[in-house]
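J.: Have a look at the structure that comes next, please.
The values are calculated or read from the model by the stated rules, or taken from the named source; none is laboratory data. Here the structure is a predicted model, which is why all the values come from computation and not from measurement. Please note: Cβ atoms are built from the backbone with ideal geometry, for glycine as well, and neighbour counts cover all protein chains shown.
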Amino acid sequence: NDVLRLEGIAKTYNPGTPGAVEVLRGLDLTVARGEVVALIAPSGAGKSTLLHIAGLLDTPDAGRVVLNGRDMTGLGDKPRTEARRRELGFVYQFHHLLPEFSALENIVLPQLANGVAERAAQARAAGLLDRVGLSARAGHRPAALSGGEQQRVAFCRALANAPALLLADEPTGNLDPATSDRVFDMLMALVRETGLSALIATHNMDLAGRMDRVMRMDKIVASP
Ligand code: ADP
Ligand code: ADP
């Protein structure tokens, strides 16, 4: 009952050229249903590459990506995009909210793209904002919000379509330590409440310790 299973993943950029970079080799990783896994990696170890492969934004050279029991490896762009929109939520270090739309609208739009009716989408967005304490900010544009508030809206947007798996790359890495701590707790509460599974990359050992399991990645030492 794994939400995500990566089996024997290999990835080399620019293969067969002098600029070849072998990033991943024989990498295995699973995230069980309801599990929150911390991904700890030194810079350059391939953390972003791994998250892009898990997020169906990039394909491995070898190995399998199994999402909710379905092997996504050989599938075309259309089913992969569909799965990304319905089954995955993304959060990055920077919020990537649309500047010309309000906090609420930023959470409504991805639902409309998935065919949810406007009323229902607004109700869900309002409910999510309420859970992160931002009801009073629903009508504000991102620029009018603090960094911590922007990230909380980004969490709500990631959860807008009730994904099975959240993929997060340093979700509080852009915030000061006290805010990071508080905002991370809100993210965890939201994840736990919704029974979501998550793979969260972080450099913060304290935050990693609050997750269910820590997965460590090391830099591949290239064989001669
Ligand atoms: P991390 O997120 O752990 O810092 P990345 O996955 O971003 O690591 O990158 C791992 C290695 O792969 C780095 O050496 C990086 O320079 C290289 N790399 C990443 N993307 C590309 C690319 N598109 N083309 C060539 N090399 C890349
Ligand atoms: P980085 O990983 O370099 O820090 P950013 O945090 O700026 O990147 O986020 C932009 C990332 O969004 C890009 O790496 C890109 O691969 C990714 N991306 C592109 N399309 C989508 C999508 N449909 N859903 C989620 N992420 C996407």
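J.: Take segment 49-71 and flag every residue that is more than 16 Å from ligand 1 (Cβ to nearest atom), out of contact with any Ser or Thr (no Cβ under 9 Å at 6 or more places or on another chain) and more than 25 Å from Ile107 (Cβ to Cβ).
T.: Listed by number, the residues that qualify are Ala62, Gly69, Arg70, Asp71.
J.: Condition first: on the phi > 0 side of the Ramachandran plot and of a type in the set (Gly, Ala, Ser). Now tell me which residues in segment 6-49 satisfy that. Can you show your working first?
T.: Looking only at segment 6-49, we keep the residues that are on the phi > 0 side of the Ramachandran plot, and these are 8, 14, 16, 26, 34, 44, 46.
The answer is Gly8, Gly16, Gly26, Gly34, Gly44, Gly46.
J.: Shifting gears a bit: Which one of these is within 13 Å of ligand 2 (Cβ to nearest atom), aliphatic (A, V, I, L, M) and either at pLDDT 95 or above or surrounded by 17 or more Cβ atoms within 10 Å (Cβ to Cβ) (or both): Ala117, Ala160, Ala123? Lay out the reasoning, then the answer.
T.: Details: Ala117 fails: within 13 Å of ligand 2 (Cβ to nearest atom); Ala123 fails: within 13 Å of ligand 2 (Cβ to nearest atom).
Sole residue among the options that is within 13 Å of ligand 2 (Cβ to nearest atom), aliphatic (A, V, I, L, M) and either at pLDDT 95 or above or surrounded by 17 or more Cβ atoms within 10 Å (Cβ to Cβ) (or both): Ala160.
J.: Moving on to the next point. Could you pull out the residue among Val108, Val153 that is at pLDDT 95 or above, of a type outside the set (S, T, N, Q) and more than 16 Å from ligand 2 (Cβ to nearest atom)? I'd like the intermediate steps shown before the answer.
T.: Working: Val153 fails: more than 16 Å from ligand 2 (Cβ to nearest atom).
Among Val108, Val153, only Val108 is at pLDDT 95 or above, of a type outside the set (S, T, N, Q) and more than 16 Å from ligand 2 (Cβ to nearest atom).
J.: Which one is nearest to Asp218 (Cα to Cα), of the residues in segment 36-49 that are within 14 Å of the chain's Cα centre (by Cα) and more than 11 Å from ligand 2 (Cβ to nearest atom)? Step through it out loud before you land on a result.
T.: In the first step, residues of segment 36-49 are kept if they are within 14 Å of the chain's Cα centre (by Cα); the result is 36-39, 47-49.
From the residues that got through so far, the ones that are more than 11 Å from ligand 2 (Cβ to nearest atom) too are 36-39.
Working: Val36: 20, Val37: 16, Ala38: 14, Leu39: 11 Å.
Per the criteria, the residue is Leu39.
J.: May I pose another question? Among the residues of segment 75-89, is there at least one that is crowded, with 19+ Cβ neighbours inside 10 Å and touching a helix residue (DSSP H, G or I) at 6+ places or on another chain (Cβ under 9 Å)?
T.: yes
J.: Return yes when Val66 is modelled with pLDDT of 95 or more and of a type in the set (Val, Ile, Thr) and no when it is not.
T.: Details: modelled with pLDDT of 95 or more: yes; of a type in the set (Val, Ile, Thr): yes.
Judged against the criteria, Val66 is a match.
J.: Can you tell me which residue in segment 173-218 is modelled with the lowest pLDDT, limited to those that are of a type in the set (D, E, K, R) and closer than 18 Å to Ala54 by Cα? Outline the logic, then answer.
T.: Initial filter on segment 173-218 (of a type in the set (D, E, K, R)): 176, 181-182, 185, 192-193, 206, 210, 212-213, 216, 218.
Now drop any that are not closer than 18 Å to Ala54 by Cα, which leaves 213, 216, 218.
Values: Arg213: 96, Arg216: 93, Asp218: 87.
Restricting to residues being of a type in the set (D, E, K, R) and closer than 18 Å to Ala54 by Cα, the top hit is Asp218.
J.: While we're here: Checking the structure you have, find out if any residue of segment 32-49 is of a type in the set (Asp, Glu) and either in contact with a Gly (Cβ under 9 Å, 6 or more places away or on another chain) or touching a residue at least 60 places away in the same chain (Cβ under 8 Å) (or both).
T.: Step one: of segment 32-49, the residues of a type in the set (Asp, Glu) are 35.
Now narrow it down to the ones that are either in contact with a Gly (Cβ under 9 Å, 6 or more places away or on another chain) or touching a residue at least 60 places away in the same chain (Cβ under 8 Å) (or both): 35.
Within segment 32-49, one or more residues are of a type in the set (Asp, Glu) and either in contact with a Gly (Cβ under 9 Å, 6 or more places away or on another chain) or touching a residue at least 60 places away in the same chain (Cβ under 8 Å) (or both).
J.: Of the residues Leu29, Leu56, only one is in contact with a helix residue (DSSP H, G or I) (Cβ under 9 Å, 6 or more places away or on another chain), assigned to a strand (DSSP E or B) and buried (at least 16 other Cβ atoms within 10 Å of the Cβ); which?
T.: Details: Leu56 fails: assigned to a strand (DSSP E or B).
The conditions single out Leu29.
J.: List every residue pair whose Cβ atoms sit under 7 Å apart, with the two residues 6 or more apart in sequence or on different chains, where the first one lies in segment 103-118 and is assigned to a loop (DSSP other than H, G, I, E, B) and the second, anywhere, is of a type in the set (S, T, N, Q).
T.: Pairs found: Asn114/Asn161.
J.: Which number in (1) within 15 Å of Leu4 (Cβ to Cβ); (2) in a loop (DSSP other than H, G, I, E, B); (3) more than 9 Å from ligand 2 (Cβ to nearest atom); (4) of a type outside the set (D, E, K, R) marks the one condition that Gly63 misses?
T.: Checking Gly63 against (1) within 15 Å of Leu4 (Cβ to Cβ); (2) in a loop (DSSP other than H, G, I, E, B); (3) more than 9 Å from ligand 2 (Cβ to nearest atom); (4) of a type outside the set (D, E, K, R), the one that fails is (2).
J.: When segment 5-26 is examined, which residues are found to be more than 8 Å from ligand 1 (Cβ to nearest atom) and not in a loop (DSSP other than H, G, I, E, B)?
T.: Scanning segment 5-26 gives Arg5, Leu6, Glu7, Gly8, Ile9, Ala10, Lys11, Thr12, Glu22, Leu24, Arg25, Gly26.
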